[in-house]
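Derivation of every value follows stated rules applied to the coordinates shown; laboratory data play no part. Keep in mind that this is a model prediction, so the values were computed, not measured. Here Cβ is always computed from backbone atoms with ideal geometry, including for glycine, and neighbour counts include all displayed protein chains.
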Amino acid sequence: MSDKTCVIVGAGPGNGLALGAKFLSAGYTTALLARSSQNLEALKDALPGAYTHVCDVTKAESIRSAFADVERVLGRTDVLIYNAGSGVFGSIDDIDADAFERAWRVNTLGCFHSVETVLPGMRGAGAGKIIVMGATAAKRGGARFAAFASAKAAQYNLAQSLARHLGPENIHVAYIVIDGIIDIPRTRARMPDKPDDFFLDPNDIADAVLRVSEQPRSAWTFEIDLRPYREKW
């Protein structure tokens, strides 16, 4: 078993699967956490070397329980990747307060609880990596992004605060802005006429995340943005 452990929170068939495969291939013992046990079964079949655990990021106790089991089996978390993210898309006329709050709970509060759970182990080791998977919505609020953009903006500022606070403790916090549509079966089915180079390849995203996680501390990145070369930005 590797002496390095990566935990991916919010694992699914796109980025979660690619991140799990990338960190496993780089020699990390890897855990995949997700709310859906069905998704986890599919991930376990695709990545037989990964440890999986059900985790609902909207519930603090579920996060603490999942990480306690991960630590018992794999040891402390060296790299935390927070990939959980969701939100109902619509304007203030289309969504209700419950949808607004849930987006914040998934994107921001769940991140907060995940970080506070792994921090004692990272501090004890004198090092750690925390990578938050974000979105362009963190930087601008579109008319139909009332819930999602608000939640992602809060998540971005939480990550920036963590980076400034934890950097002196040798804990590297980075935020990945995903600017584009990720290439997974669901988005392909929704956009059948789009060419291959319209999409972001999850494997290429995972490669960039691994590189950020292994940066020397004399030249850390807080924020990078990833987009297809054809994206208009």
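Observations
- Full extension of the chain between A46 and F222 gives 60.3 nm of extra length, using 0.36 nm per residue less the Cα-Cα distance.
- Two-site FRET efficiency, D93 against D179, from Cβ-Cβ distance with R₀ of 25 Å, rounded to 0.05: 0.40
- Inverse of mean 1/r across different Cα pairs in the chain, Kirkwood, Å: 17.9 Å
- In degrees, nearest ten, helix 110-125 long axis to first principal axis of the chain (Cα): 20 degrees
- Dipole moment magnitude, nearest 20 debye, the chain about Cα centre, only Lys, Arg, Asp, Glu C-beta charged: 280 debye
- Note on A60 and H165: their simple-model spin labels are 1.4 nm apart, each label 7 Å out from Cα toward Cβ.
- Among beta bridges that DSSP assigns inside the chain, antiparallel share in %, nearest 5: 0 percent
- Helix 37-46 axis versus longest C-alpha principal axis of the chain: approximately 70°, rounded to the nearest ten.
- Likely footprinting exposure, W104, W220, fewest C-beta neighbours within 10 Å first: W220, W104
- The chain: relative contact order as a whole-number percent, Cα under 8 Å and 6+ apart: 19 percent
- Here S36, S65 are placed in order of increasing Cβ neighbour count within 10 Å, fewest first, which gives S36, S65.
- Relative exposure of M122, M191, M133, judged by other C-beta atoms within 10 Å (fewest first): M191, M122, M133
- Helix 146-166 vs. the chain, principal-axis angle (Cα, 0 to 90°, nearest 10): 30 degrees
- Listed residue pairs exceeding 23 Å between alpha carbons, taken from K22/K232; K4/K152; K129/K232; K22/K152; K194/K232; K4/K139: K22/K232; K4/K152; K129/K232; K22/K152; K4/K139
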